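In what follows, a single structure is set out as structure tokens and then discussed.
The values are calculated or read from the model by the stated rules, or taken from the named source; none is laboratory data. In this text, all values refer to a predicted model and were calculated from it rather than measured experimentally. Don't worry about glycine lacking a Cβ; one is built from the backbone with ideal geometry, like all the others, and counts go over all protein chains shown.
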Amino acid sequence: MVDEVVLKNATETAWTAYRARHPDVDAHDGRRCLMERYLHRRWEERQSDTEDLATFGIAYYLHRLPKDEC
């Protein structure tokens, strides 16, 4: 089972980086959910720590997260 604290911290770190690059995106935008689901799957595959997951999240937004759609 996913360690909720690890997932929450990693998601928050990656989402904060995403919003710093895209300041027009609302804090509660649906893309956050996409990132969280991605990180959840990554954690289940590798059981990474917060820093690893945050890195995956940042890489996810750099390469896959839609810029203008949910």
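A few notes on this one:
- Single residue of the stretch 9-26 satisfying the filter (surrounded by 12 or more Cβ atoms within 10 Å (Cβ to Cβ) and aliphatic (A, V, I, L, M)) that is nearest to residue 59 (Cα to Cα): 14
- Residue check, residue 45 on the phi < 0 side of the Ramachandran plot, of a type outside the set (Gly, Ala, Ser) and at pLDDT below 85: yes
- Taking each residue of the stretch 13-39 that is polar (S, T, N, Q) and looking for partners that are assigned to a helix (DSSP H, G or I) and modelled with pLDDT under 90 with beta-carbon atoms closer than 8 Å, six or more apart or interchain, yields 13/50; 13/54; 13/57; 13/58.
- Those residues of the stretch 27-57 which are loosely packed, with under 15 Cβ neighbours inside 10 Å and small (Gly, Ala, Ser), in sequence order: 27, 30
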